[in-house]
Amino acid sequence: MPNKTRPASLKNISTHYCSGCGHGILHRLVAEVIDEMKLSEKTIGVAPVGCAVVAYDYWDFDVCEAAHGRALAVATGIKRCRPQNVVFTYQGDGDLVSIGLAETFHTANRGENLTCIFINNACYGMTGGQMAPTTLVGQPTATTPWGRNPKSGEGWPVKLSEILATLSGVAFAVRSTISSPREVIKTREYIKKAFSNQIENKGFSIIEVLSPCPTIWQKSPINAMKWIDEEMVKTFPLGVIKDK
Amino acid sequence: MTSSFEVNINKDKCKGCQLCIFFCPAKHLKLSSDLNKKGVKYVAKKEASKCSGCGFCFLICPDYCIEIYESENI
């Protein structure tokens, strides 16, 4: 059994994330997959606006920053100019599903040969916990303190992976979580498959990861993980949605 | 030939989320009684327990505090 140590593509520094935040786990998984596939010299990541805005400070490979929601548009430009590189975006629900939905939808529809890692924590974490498109029905947020109510015009949670899976350009759409070590291992395999798809020119791959935000959810890190398993998966069922 | 596992914990990176303590099947980990540089109670090893090397703590730690090394005992 190999030693379990920090991957080389992850810098040896402490992150700014809150205690129990899922971003740290996902940063490590991305770095592990890139190291395992020996892609660190040819990978270009695109960081979002949101809590992960300084992801480039933590990864030890090339990462650029995009305007809010435009990571997939920037990634399209990079990939078209440099098709020999492996290009991925790392975006939250505010970035990918809200302000950047037009870019997300049309990048997927064009079948751009990209990998998109979508971190879904059902809220706007960085700005103070406002309602996001992915907020669950009944979930209290800063802007829906009595819980999201579709009958008050607040809408229903957007199931982006299912929507994108209907597009012909999408090769791989999957929803997973990091709520337990078992799920972390599965998520790692999905990320690996999404990078493999890009190398094989299969088209657009999206991995949606249900991730905890204990600070905004006002739960302990352990209870946040339990809430994903008990509540979030009812709205956002796990598993492979499309594998072309 | 048997293997033993050494868990290395970087206490000053720990933010005290306790996910590793919750998921460790052997209950090998505990929360310290003192504070680290971040001002939180950090995760520490229990003195008399033996790590089986499953790696659950490494997998779930969001702050890269934990590393596990295997050594072979002949």
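Only one entry of A:T143, A:T177, A:T134, A:T127 meets the criterion of being farther than 18 Å from A:I241 by Cβ and in contact with a strand residue (DSSP E or B) (Cβ under 6 Å, 6 or more places away or on another chain), and that entry is A:T143. The set of residues from segment A:72-130 being within 13 Å of the chain's Cα centre (by Cα) and closer than 19 Å to A:F61 by Cα comprises A:L72, A:F88, A:T89, A:Y90, A:Q91, A:T115, A:C116, A:I117. Please go through segment A:188-209 and pick out each residue that is basic (K, R) and closer than 25 Å to A:C123 by Cβ. Residue satisfying the conditions is A:R188 alone. When segment A:38-70 is filtered for residues that are over 21 Å from A:S196 (Cβ atoms) and small (G, A, S), the ones remaining, listed by number, are A:A47, A:G50, A:A52, A:A55, A:A66, A:A67, A:G69. Of the strands (runs of 3 or more DSSP E) lying entirely inside segment A:163-244, the ones with 1 or more residues being among the aromatic types (F, W, Y) and either more than 13 Å from the chain's Cα centre (by Cα) or at pLDDT 95 or above (or both) are found at A:170-177, A:204-210. Per this entry, B:E6 is not counted among residues that are closer than 24 Å to A:S179 by Cα, of a type in the set (D, E) and out of contact with any Cys (no Cβ under 7 Å at 6 or more places or on another chain). There is no residue in segment A:52-67 that is surrounded by 23 or more Cβ atoms within 10 Å (Cβ to Cβ) and out of contact with any helix residue (DSSP H, G or I) (no Cβ under 6 Å at 6 or more places or on another chain). Counting only residues that are surrounded by 16 or more Cβ atoms within 10 Å (Cβ to Cβ) and over 15 Å from A:G22 (Cβ atoms), segment A:197-237 holds 8 of them. For segment A:162-175, the set of residues classified as polar (S, T, N, Q) and crowded, with 23+ Cβ neighbours inside 10 Å is empty. Would you be able to say whether some residue in segment A:51-58 is without any contact (Cβ under 8 Å) to a residue 60 or more places away in the chain, in a strand (DSSP E or B), more than 16 Å from the chain's Cα centre (by Cα) and more than 13 Å from every other protein chain (Cβ to nearest Cβ)? No, because not a single residue in segment A:51-58 is without any contact (Cβ under 8 Å) to a residue 60 or more places away in the chain, in a strand (DSSP E or B), more than 16 Å from the chain's Cα centre (by Cα) and more than 13 Å from every other protein chain (Cβ to nearest Cβ).
Condition check ((1) away from every other protein chain (no Cβ under 14 Å); (2) in a helix (DSSP H, G or I); (3) at pLDDT 95 or above) across all residues:
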{"position": "A:P2", "(1), (2), (3)": "no, no, no"}
{"position": "A:Y17", "(1), (2), (3)": "no, no, yes"}
{"position": "A:G24", "(1), (2), (3)": "no, yes, yes"}
{"position": "A:V30", "(1), (2), (3)": "no, yes, yes"}
{"position": "A:A73", "(1), (2), (3)": "yes, yes, yes"}
{"position": "A:T89", "(1), (2), (3)": "yes, no, yes"}
{"position": "A:V97", "(1), (2), (3)": "yes, yes, yes"}
{"position": "A:T104", "(1), (2), (3)": "yes, yes, yes"}
{"position": "A:T107", "(1), (2), (3)": "yes, yes, yes"}
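Residue count for segment A:30-51, restricted to those that are surrounded by fewer than 17 Cβ atoms within 10 Å (Cβ to Cβ) and in contact with a helix residue (DSSP H, G or I) (Cβ under 9 Å, 6 or more places away or on another chain): 2. Only a single criterion out of (1) touching a Pro at 6+ places or on another chain (Cβ under 8 Å); (2) buried (at least 24 other Cβ atoms within 10 Å of the Cβ); (3) more than 21 Å from A:R188 (Cα to Cα) is not satisfied by A:L72, namely (1).
The values are calculated or read from the model by the stated rules, or taken from the named source; none is laboratory data. Keep in mind the model is a prediction, meaning the values are calculated, not measured. Note: ideal-geometry Cβ built from the backbone for every residue, glycine included; neighbour counts use all protein chains shown.
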